1. Does a label point 7 Å from the Cα of Gln77, set along Cα-to-beta-carbon, have any residues of the stretch 14-31 with amide nitrogen under 18 Å, and which are they?
2. Based on alpha-carbon centroids, what's the gap between the stretch 11-72 and the stretch 146-182 in Å, whole number please?
3. For a footprinting-style exposure proxy, rank Asp23, Asp92, Asp216 by other Cβ within 10 Å, fewest first.
4. Before anything else, pin down the relative contact order of the stretch 237-291: Cα pairs under 8 Å, at least 6 apart, normalised by residue count, whole percent.
5. Show me 6-16, 235-245 ranked by packing, highest mean number of other Cβ atoms within 10 Å first.
6. Once the piece of chain linking Leu134 and Lys258 is laid out straight, how much longer is it, given 0.36 nm per residue of separation minus the C-alpha distance between them?
7. Below 8 Å between Cα atoms, with a sequence gap of 6+, how large is the relative contact order for the chain in percent?
8. Specify which residue in the list Ala122, Leu169, Ser101 is farthest towards the positive end of the charge dipole of the stretch 86-182, using unit charges on the beta carbon of Lys, Arg (+1) and Asp, Glu (-1), about the Cα centre.
Amino acid sequence: MAVTVRPRRSVLYMPGSNARALDKARSIPADGLILDLEDATAPDAKPMAREQIAAVLKAGGFGGRELIVRINGLDTQWGKDDLAAASKAAPDAILLPKVESRAQVLEVASLMDRHGAPATTAIWCMMETPKGILHAEEIAAASPRVACFVMGTNDLVKDVHARHTALRLPIITALSHCMLAARAYGLAILDGVYNDLNDDEGFKATCAQGVEFGFDGKTLIHPKQVEPCNAAFAPSADEVALSRRIIAAFAQAQAEGKAVVLVDGKLIENLHVENARRVVALAEAIEKLAAA
């Protein structure tokens, strides 16, 4: 069975109002770029940023990177114009802030159709409020366009009156709940940002925790975070080599009429083979992206 995987190890927020930053983004080795019209763009700069992002998307030059436009909420004075412009510009995805219901997703999907967004433009959902977390399953299942959850951990910590801690215990339930909803409906899911740009060890630790959780990658606020994040969320050479051995050994076992096989002394069944295929597909996709 073929496995289709798109690398999303590192997805970097880029302010839509900063033309120089948008131009520089073409050389940053992030797997994805969120061209931001919301938090990273001041209110008086939003109309200009909207036009600037549309021009950047038209110009291209980003290789195989995934390009996402984060719009302002439809309940703001900018949201509907953002959505219309983004739909016409045809990025890989449109990221919706503070998603809390199926109805929100359906409204956006309908407007995207009306504005001519191609079927290839997905909806990504910021999961960053208590109500959104509680409704994660209905959001994940709302529309065929929904492709990814993005954890908005800063807003979530604020809304539940918690604190940012090294192990993130105050929001473990929220992270796990969204992970289950995403995987149940075949979505990707990205971990939230890390705020302290001077804490390299803390950043590496939270990346490692994100890998343990099962996140596909992490959203980032600065280019310096890209390379360590890519390293953390990529399968290691040893993992890839083991996965290839598992695939080969299981194929040989099946050819001999066996349902299980031992690899390095460990029992291998079909579930291990499925994961091995995913690991190999991810490694190959990362190589292809780097060469683009």
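1. Answer for the stretch 14-31: none.
2. 25
3. Details: Asp23 12, Asp92 20, Asp216 23.
The most exposed by this proxy come first: Asp23, Asp92, Asp216.
4. Numbers: 44 pairs, mean separation 21.8, N = 55.
For the stretch 237-291, the relative contact order is 40 percent.
5. Working: 6-16: 24.7, 235-245: 14.7.
The densest-packed peptide leads the list: 6-16, 235-245.
6. Numbers: separation 124, 0.36 × 124 = 44.64 nm, distance 4.41 nm.
Extra length from Leu134 to Lys258 when fully extended: 40.2 nm.
7. On the way: 503 pairs, mean separation 52.0, N = 292.
The value is 18 percent.
8. Leu169
Every read-out reported here was derived from the displayed coordinates using simple, explicitly stated rules and does not represent laboratory data. What you see is a predicted model; the values in this text were computed from it and never measured. Every residue, glycine among them, receives a Cβ derived from its backbone with ideal geometry; neighbour counts consider all protein chains shown.
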